[in-house]
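Notes to accompany the following structure.
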Amino acid sequence: MKQLHITMLILFIVSALLLGGAILYKHYTTDTTMPEIRVDEEPLSISIADGTDALMSGVTAYDAKDGDITDKLILQKIEMGEGGEVNATYAVSDNDSHVVTRTRTIIYTDYVPPRFSLSKELRYAPTGSIQVRDRLTAYDVIDGNINDRIRINTNNLSPYYAGLYPVTFEVTNSLGDHVSLTLEVEIRTIADNEPVITLDTYLVYMTAEEAKSFKPMKYVKEVIGAEKSAVYADKSRLKEGVNRITYSCRNEIGVRGSVVLYIVVE
């Protein structure tokens with residue numbers, strides 16, 4: 001019995017030594033250091049035309065055990081920050097699956113928010129059928145065509161009754177940049193022999209400087225049923241925000257025709 005106790009004690013000591021050795025081995029062989037993402041320039045100024053490859057410019061990654069691991073760097077996400085800045089987030093993992101991220105500010109030298117466009121005026125006959133999407137589009141300098149992301153709020157629109165109804169258009173690009181624009185949809189019956197004024201476009205974006213030299217007649221493309229020289233615009237001084245410009249003319253029998261151009265001064 002005594003020899004059995006001695007044997008068990010020896011086995012216990014050996015097991016403890018082996019376990020302790022394994023713990024020490026793991027401690028000294030396991031990489032506990034975290035990789036590091038290094039950025040040469042922050043913020044980074046680039047053009048949108050430079051593409052996503054330019055976002056990786058000046059970014060490297062290093063790990064104390066694995067060395068240079070720049071080839072494992074990925075662009076995790078790029079999004080609009082709360083202050084309106086664009087942030088790019090990078091991520092890298094070393095051979096021991098340690099993951100780190102780093103974010104830096106990106107300055108797009110030619111960035112503009114998403115913009116809407118109108119190919120026809122927002123006027124409809126009171127028939128109950130309104131298809132705003134047949135003339136409304138949205139474009140983004142990064143994503144291109146984003147028509148499928150347009151949301152339209154027409155809660156107060158009564159398509160059977162004449163009047164002007166505010167309608168809000170909203171769209172968000174892949175950066176999370178959300179824009180909204182409220183215009184007025186006009187429900188009105190077209191009169192017999194009413195002149196038709198056609199514009200080159202029905203929604204224009206301008207800077208405050210461009211608005212100072214606004215010339216309304218440059219947007220008149222064609223007039224059917226009246227002389228083009230008879231067309232006049234109801235106002236030419238623009239303010240910041242949304243401006244509603246009404247073009248009007250009368251034909252020889254006194255019937256008035258009109259069309260609306262919206263100008264957004266940024």
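Mean projection of the Cα convex hull over all viewing directions, computed for the stretch 191-266: 4.7 nm².
Among 139-146, 117-124, the peptide with the highest mean count of other Cβ atoms within 10 Å heads the list, and the full ranking is 117-124, 139-146. Calculated from the alpha-carbon coordinates, the stretch 112-266 shows an Rg and a Dmax of 16.3, 54 Å respectively. Please give the residues of the stretch 206-230, grouped as numeric ranges, whose backbone N is less than 19 Å from a label point set 7 Å along the Cα-to-Cβ vector of S236. Within reach of a label on S236: 206-222, 228-230. Between the residues T109, N147, G67, the greatest Cα displacement towards the positive end of the dipole of the chain, with unit charges on the Cβ of Lys, Arg, Asp and Glu, is found for N147. Our estimate of slack between T89 and Y139, defined as 0.36 nm per intervening residue step minus the Cα-Cα distance, is 15.5 nm.
Computed over the alpha-carbon atoms, the stretch 36-108 gives an Rg to Rh ratio of 0.99, Rh here being the Kirkwood radius from the mean inverse distance.
Relative to the Cα centre, the charge distribution of the chain, modelled as +1 at Lys and Arg Cβ and -1 at Asp and Glu Cβ, gives a dipole magnitude of about 880 debye.
Under 13 Å from a point 7 Å along the Cα-to-Cβ line of T189: which residues of the stretch 123-141 have their amide N that close? In the stretch 123-141, the label zone of T189 (backbone N under 13 Å from the point 7 Å along Cα→Cβ) covers 125-127. Over the chain, the reciprocal of the mean inverse Cα-Cα separation, the Kirkwood hydrodynamic radius, stands at 24.3 Å.
Taken together, the values in this text are just the output of simple stated rules run on the coordinates, not laboratory data. All values derive from a computational prediction rather than experimental measurement. Every residue, glycine as well, gets a Cβ built from its backbone with ideal geometry; the counts of neighbours run over all protein chains shown.
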